[in-house]
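Okay, so here's the structure we're looking at.
The values are calculated or read from the model by the stated rules, or taken from the named source; none is laboratory data. From a predicted model like this one, the values you see are computed outputs, not experimental measurements. Neighbour counts are summed over all protein chains in view; Cβ atoms, including those assigned to glycine, are modelled from backbone coordinates with ideal geometry. Heavy atoms of the whole protein, side chains included, go into the accessibility calculation; ligands, DNA and RNA do not. Shrake-Rupley method; radii C 1.70, N 1.55, O 1.52, S 1.80 Å.
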Amino acid sequence: MKFILASRSPRRQDLLLRLQTPFDVIVPDVDESTIISEGSPGTYCTALAELKANDISQHYPNEMVIGADTIVVLGDEIFGKPDNKTAAEHMLQTLSGKTHQVYTGVCLKWAKKNIHHLFVEITTVTFRDLDKKDIAHYIRSCPPYDKAGAYGIQDWSAVFVKEIKGCYDNVVGFPISRFYQELKKLGINLLDTISESS
């Protein structure tokens, strides 16, 4: 079997490479604004993941498609990707000194096998009080416009983080440990694919 990652995120690609399992990358053509961010954050991000997986799966029914979406949540507010510098500054200033949650919704879809499996991983992250100069430097040196919450924990913004509870990879963009276990629930062991390809 082969996987298709329905995502343009280079971070998700790097994380999946760690599992030593072959996969292709096909970027979905979807309008994320069709998904309303009402209800629980988990429902919202899994709906976005489902939208991406469904778009690719209809063209590749014989492959296991992975759709994923990551959001940052503070209280009742959902932070997606900032559109501009002002939005990025506002997000980081809002997160400063507070504890937020990072949700990644995942949809595993293999149409031929009638597999349509959703799960969500949640990690709690606490930021230190952020200096405006640090925020300005970060936005200038590591443009965060493709990152939920306007930061990428794997880059310079690691200095913002005081504490993390849960899966680190989830904050980067994809919970590979949980993914591995969810596949096992579906009767898929990645070790089998590794031994077949070696």
Original post:
How high is the relative contact order of the range 1-118, in percent, with contacts defined as C-alpha pairs under 8 Å that are six or more residues apart?
Top reply: 28 percent
**OP:** Determine the alpha carbon to alpha carbon distance for each of LYS52/LYS81; LYS98/LYS132; LYS81/LYS109; LYS109/LYS162; LYS52/LYS132 and list only those over 27 Å.
**Re:** LYS109/LYS162; LYS52/LYS132
Subject >> Packing-based ranking, highest mean first, of 38-50, 153-165 given that Cβ atoms within 10 Å are counted >> reply: 38-50, 153-165
Subject >> q = 0.14, 0.21 Å⁻¹: log10 I(q)/I(0) that the Debye formula gives for the range 1-117, counting C-alpha atoms only >> reply: -0.64, -1.17
Original post:
So what's the net charge close to GLU38: Lys and Arg +1, Asp and Glu -1, counting the other residues with Cβ under 15 Å from its Cβ?
Top reply: -3
Original post:
Arranged from highest to lowest average of other beta-carbon atoms within 10 Å per residue, in what order do the peptides 170-183, 18-31, 105-118 appear?
Top reply: 170-183, 105-118, 18-31
Subject >> the chain: calculated mean residue ellipticity at 222 nm from DSSP helix runs of at least 4, using -39500 (n - 2.57) >> reply: -10000 deg cm²/dmol
**OP:** State the Cα centre-to-centre distance between the range 122-198 and the range 26-87 in whole Å.
**Re:** 16 Å
**OP:** Report the Stokes-Einstein translational diffusion coefficient (µm² s⁻¹, integer) for the range 89-174, Rh taken as the Kirkwood radius over Cα pairs, at 20 °C with viscosity 1.002 mPa s.
**Re:** 153 µm²/s
Original post:
Hey, what's the chain come to in accessible area per residue, 1.4 Å probe, Å²?
Top reply: 50 Å²
Subject >> Candidates per trypsin sites (Lys or Arg not before Pro) in the range 35-102, loop by DSSP, up to 16 other Cβ within 10 Å >> reply: LYS98
**OP:** Net charge near THR126: determine it from the other residues with C-beta under 15 Å of the C-beta of THR126, scoring Lys and Arg +1 and Asp and Glu -1.
**Re:** +2
Original post:
Leaving out ligands, DNA and RNA, what percent of the accessible area of the chain is carbon and sulfur, probe 1.4 Å?
Top reply: 48 percent
